[in-house]
Each structure stands twice: as structure tokens, then as C-alpha cells.
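The values are calculated or read from the model by the stated rules, or taken from the named source; none is laboratory data. Source: prediction; values computed, not measured. Neighbour counts are summed over all protein chains in view; Cβ atoms, including those assigned to glycine, are modelled from backbone coordinates with ideal geometry.
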Amino acid sequence: MCAAEVGRGRDGASRAGSWSDPDRRLILAGFLFGCGIAASMIDLFIFHLVLRWHHFYDLSTSEVALISDGFLHAFGWFITIWGLFLLADVRRRGAVRWGRWSGAVIAGVGFFQLFDGVVDHKILGIHQIRYGVDLRLYDTVWISSAVLLLLLGLIMLWRTRPTHRAT
């Protein structure tokens, strides 16, 4: 296979838009890692275990709430490890652009926190950030910080995007 054929499928078509493209795999690896870290380390560890403000599912008994935390923890670590395996695969195939990966990680953290704040807290109402307080300040800080992290990650991804030359 000559150098011109690298990155092309059997039919000769470019795979730049497919998930086999190393840049897209790098972004997916960082995004999954960021979502997993947000789920397992930030949300579960800080808000569920240390502060004890809520559980993943607060609409039932304490036992169900703890079981739901366990499922969230397992899910969070599963996607964290999935992201690391994808990163290892990208690294095995060539150099990793760490600034680009970091942007994807930050976008993943922001996305998870935004999804949790809007879908879990507001739409589904399966838990709130904290109970027995006025939620406006908590919701504003939670959702605003999520949007800022998501935007920061997207800006980093945009600034580190590969430049493609027309051939």
C-alpha cells in the first residue's frame, strides 16, 4: 500500500469522515473519557458520596438510591475505560495531539454535566442537586458551568482542528 492510499477504503474513497479516522477516534476517546470522569469522579464522588446531596435516583428508598449510584459508577467507569482503550489505539497508530484530546475531555465533562442538569434534574426529575434549599442558585451554577466547560472544550477542538490541503 503506498502512502497515498493510507486513509482510503478498498473502493479508494476517503475515510476522513468515518470513525476509523484517527482524529475522530481521538475526539471520541477524549469525549468518552470526559463523560466518564464527570459521572464517576465529579458527580458520584463529590455530590453523592462526599457531600451526600443526592443519589442518582432519589424517587424511591435509600436502598434503591444506593443501587442506582452503583449503576452510575459502573457506567461511568465503563465509558472512562472505553475512552482510554480508544486513546491507546489512536496512540498505537501514531502521535496523539494532546491539546485536541484535552479539548474533547473538557467537552465531554461539560456535556455530561449539562445532560445531567437538564435531563436528570429538570426534565425527568429523578434527583436534584440538593434538597431543602432554593434550587435557582444551584441550577444556575450547575448548568452555567456545564455550558462553559462544553464551550471551552469545543473552542479548544476548533482551534486544534487539523488543516486539510486540497489535492
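Kindly indicate the residue of the range 57-68 that is under 19 Å from I123 (Cα atoms) and touching a Phe, Trp or Tyr at 6+ places or on another chain (Cβ under 7 Å) and also modelled with the highest pLDDT among those meeting that condition. Talk me through it step by step, then tell me what you get.
If we filter the range 57-68 for residues that are under 19 Å from I123 (Cα atoms), which is where we start, we get 57-60, 65, 68.
Within this subset, residues satisfying the condition of being touching a Phe, Trp or Tyr at 6+ places or on another chain (Cβ under 7 Å) are 65, 68.
Values: A65: 82, S68: 87.
Out of the qualifying residues, it is S68.
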- Message: Tell me whether the range 80-93 contains one or more residues that are hydroxyl-bearing (S, T, Y) and surrounded by fewer than 13 Cβ atoms within 10 Å (Cβ to Cβ).
- Response: no
- Filter pass, D139 being under 18 Å from G76 (Cβ atoms), of a type in the set (D, E), surrounded by 12 or more Cβ atoms within 10 Å (Cβ to Cβ) and at pLDDT below 95: no
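For the condition in contact with a helix residue (DSSP H, G or I) (Cβ under 7 Å, 6 or more places away or on another chain), over 17 Å from D43 (Cβ atoms) and assigned to a helix (DSSP H, G or I), what is the one hit in L114, L137, L150, L157?
Values: L114 fails: over 17 Å from D43 (Cβ atoms); L137 fails: in contact with a helix residue (DSSP H, G or I) (Cβ under 7 Å, 6 or more places away or on another chain); L150 fails: over 17 Å from D43 (Cβ atoms).
Being in contact with a helix residue (DSSP H, G or I) (Cβ under 7 Å, 6 or more places away or on another chain), over 17 Å from D43 (Cβ atoms) and assigned to a helix (DSSP H, G or I) holds for just one of L114, L137, L150, L157, which is L157.
Scan the range 29-63 for residues that are loosely packed, with under 14 Cβ neighbours inside 10 Å, over 21 Å from the mean Cα position of the chain (by Cα) and at negative phi and jot them down.
Residues of the range 29-63 that are loosely packed, with under 14 Cβ neighbours inside 10 Å, as a first pass: 46, 49-52, 59-63.
Subsequent filtering for residues that are over 21 Å from the mean Cα position of the chain (by Cα) retains 50-52, 59-63.
Passing the criteria: V50, L51, L59, S60, T61, S62, E63.
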